[in-house]
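Structure below; questions to follow.
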Amino acid sequence: MFAIYGLLVSIAGFFLRIVALFNPKMKLFVDGRKTVFNTLSSKISPSEKTIWFHAASLGEYEQGLPVMEAMRSKFPNHKIVLTFFSPSGYEIRKNNAIADVTVYLPMDTTPNVKRFLNYVHPDLVFMIKYEYWPNYLNELKKRNIRTFLISGIFRENQVFFKWYGGFYRKALDTFEHFFVQNSRSKDLLAKLGKHNATVSGDTRFDRVAAILEKDNTLDFISEFKNDTITIVVGSSWPKDETLLVDFINKTTQNVKFIIAPHNIKEAQISELRNSISKKVVLFSEKERKNLSEFDVFVIDTIGILTKIYSYADIAYVGGGFGNPGVHNILEPATFGVPIVIGSNYSHFAEATALVDMGGCVSIDNQSELDETFDLLISNEDERYEKGHICSTFVQMNKNATSTIMKHFASDDDV
């Protein structure tokens, strides 16, 4: 089975190289892997100790970050090696401050796996949430390298629970322990005979709770807001923007808007700007302008959305009208901000919980968005109540990292 799987991975890699000739994102995926082994050999010596974290993309990185920080503190003499599968994670966080080495994960072929592990030679390995690469897991088990899953989620529709999923079920034998987000995941693992699982929760709650302890001041946002009710739109897609622009253009209420689109390509930013009839300023042109005079602030840069949420009276989080669904709602939630999202959120436990609790409102069309925004803008008590639900939800669900780290309490070194 491993031979067939390896052949399929090699074939996939061949076609990806062809696609990369025409697709910029896939070009990053392919080209970024060309220098991985040179980077590893230059940054890790055979005598150095390492801890390896693997994240599929940006969301998994955010989940792993609190554990990386805790491991850095517990094992200061180890280098942290961080790998990404997706360009959307690597390209944004390749210059992160927590890892000593950040690279793409080489494709899951036997030669790649052996070469990668020879260079990295980790003492501990942490896979975050979803990633199960059979060749990597098989080789880690052969080498008796301690391997863990953190913030894991298991669902009945995954291959592990299908009659044909034996190959992937076998890969789960590598994990010394599963730290899962909910009791359902633990129960599903038990059905597979895996009783080495702990319900630790989602480590993202720890990350977003810690945001409150940081300096989130942005003077230019304060100048723009000018003590006016402000709706912050995070990670918006075109479908979100169609509804939002319609509301922006027709509302007569005294409200301002900050829009941080998911895609900040110049053509799409220009299209968004031209669709808005009110006074718009871009982040890239904010200098020497009286920002308080503008109604809409479009953030055509990355890396500051979290701080911007601290200025929100209402948040709209995009992605809820497409696949895979709504983006991260925990960042505005930690600031006690009421949240509005699209209707595709069922695969996100935190969104489902906050909608059920009333801190987050799901809308499906223009009239529902208009009604929700009008209510939240005009009713301070409604804003406060929903915002309080959101902040309390975050605080009640933190401490997943401490639960995980208890497992390593007796490990003075590894």
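The values are calculated or read from the model by the stated rules, or taken from the named source; none is laboratory data. In this text, all values refer to a predicted model and were calculated from it rather than measured experimentally. Don't worry about glycine lacking a Cβ; one is built from the backbone with ideal geometry, like all the others, and counts go over all protein chains shown. Just the protein is used for accessible areas: all its heavy atoms, side chains included, with ligands, DNA and RNA removed. Shrake-Rupley method; radii C 1.70, N 1.55, O 1.52, S 1.80 Å.
To the nearest 20 Debye, how big is the dipole of segment 133-211 about its Cα centre, given +1 on the beta carbon of each Lys and Arg and -1 on that of each Asp and Glu? List each step's numbers first, then the result.
On the way: 14 positive and 7 negative charges, 41 e Å.
The calculation lands at about 200 debye.
Once the dipole of the chain is set up with Lys and Arg at +1 and Asp and Glu at -1 on Cβ about the Cα centre, which of GLY13, GLY318, MET26 lies farthest towards its positive end?
GLY13
Select from SER391, SER378, SER284 the residue whose mean-square fluctuation is largest in a Gaussian network model of the chain (Cα-Cα springs shorter than 10 Å).
Residue with maximal mean-square fluctuation among SER391, SER378, SER284: SER284.
Please build a GNM for the chain, connecting alpha carbons under 10 Å apart, and tell me which residue among THR334, THR352, THR230 fluctuates the most.
Its mean-square fluctuation being the largest, the pick is THR352.
Can you compute the radius of gyration and Dmax for segment 266-320, using only the Cα atoms, both in Å?
Rg, Dmax (Cα atoms, Å): 12.0, 36.
Do the sum for the chain: with -39,500 (n - 2.57) for every DSSP H run of n ≥ 4, divided by all residues, what is the mean residue ellipticity at 222 nm, to the nearest 500 deg cm²/dmol?
It comes out at -13000 deg cm²/dmol, rounded to the nearest 500.
So, one more: Gaussian network model of the chain, Cα springs within a sub-10 Å range: biggest mean-square fluctuation belongs to which of ASN135, ASN157, ASN365?
ASN157
Hey, could you get me the Stokes-Einstein D for segment 1-152, Kirkwood radius over alpha-carbon pairs, 37 °C and 0.692 mPa s, rounded to whole µm² s⁻¹? Each step should come with its number before you reach the end.
Numbers: Rh = 15.8 Å.
In µm²/s, the coefficient rounds to 208.
Can I ask one more? Leaving ligands, DNA and RNA out of it, rank MET357, MET68 by accessible area with a 1.4 Å probe, largest first. Numbers along the way, then the final one.
On the way: MET357 95, MET68 0 Å².
Largest accessible area first, the list is MET357, MET68.
Also, quick follow-up: Tell me, what is the percent relative contact order of segment 1-201, built from C-alpha pairs under 8 Å that lie six or more residues apart? If you can, show how the numbers build up before the last one.
Numbers: 325 pairs, mean separation 36.0, N = 201.
With pairs under 8 Å counted, the relative contact order is 18 percent.
In Å², and per residue, what accessible area does segment 229-385 have when probed at 1.4 Å with the other protein chains present?
Here the per-residue accessible area is 44 Å².
Ok, one more. Explain nothing, just the number: relative contact order of segment 216-397, from Cα pairs under 8 Å at least 6 residues apart, as a whole percent.
After rounding, I find 22 percent.
Moving on to the next point. Carbon-plus-sulfur fraction of the accessible area of segment 216-397, 1.4 Å probe, in percent?
47 percent
Order TYR164, TYR130 by their accessible area, 1.4 angstrom probe, all chains in place, largest first. Kindly include the intermediate steps, with their values, before the conclusion.
Values: TYR164 130, TYR130 70 Å².
The ordering from most to least exposed comes out as TYR164, TYR130.
Moving on to the next point. Are any of the pairs LYS27/LYS94; LYS214/LYS256; LYS225/LYS256; LYS34/LYS129; LYS34/LYS114 more than 18 Å apart by Cα-Cα distance, and if so, which?
LYS214/LYS256; LYS34/LYS129
Give me, ordered by chain and number, the residues 5 or more places off LEU124 or on other chains with an amide H under 5 Å from its own placed amide H.
Here TRP52 satisfy the definition.
Any idea what log10 I(q)/I(0) is at q = 0.06, 0.11, 0.15 Å⁻¹ for the chain, Debye with uniform C-alpha scatterers and no solvent?
Computed log10 I(q)/I(0) values: -0.27, -0.90, -1.42.
So what is the relative contact order of the chain, in percent, for Cα pairs below 8 Å that sit 6 or more residues apart?
Here the relative contact order equals 12 percent.
Per residue, how many Å² of accessible area does segment 1-201 show with a 1.4 Å probe?
About 46 Å² of surface per residue is accessible.
Taking the Cα centre of the chain as the origin, how large is its charge dipole in debye, to the nearest 20, when only Lys and Arg (+1) and Asp and Glu (-1) carry charge on their Cβ atoms?
2080 debye
Would you please give the FRET efficiency between LYS141 and ILE304, computed as 1/(1 + (r/R0)^6) with r the Cβ-Cβ distance and R0 = 45 Å, to the nearest 0.05?
E between LYS141 and ILE304, to the nearest 0.05, is 0.60.
Something else now. Under the 0.36 nm per residue contour assumption, what length would be gained going from the current alpha-carbon distance of ASN399 and LYS286 to full extension?
Details: separation 113, 0.36 × 113 = 40.68 nm, distance 3.91 nm.
Result for the pair: 36.8 nm of gain on full extension.
For segment 1-201, which whole-number percentage of the solvent-accessible area (1.4 Å probe, protein heavy atoms only) is attributable to carbon and sulfur atoms?
That fraction is 57 percent.
Heads up, I need the accessible area for ASP123: 1.4 angstrom probe, whole protein in place, Å², nearest 10.
Accessible surface of ASP123 is approximately 50 Å².
Under a 1.4 angstrom probe, counting protein chains only, how are ARG115, ARG207 ranked by accessible area, largest first?
Numbers: ARG115 110, ARG207 35 Å².
Descending order: ARG115, ARG207.
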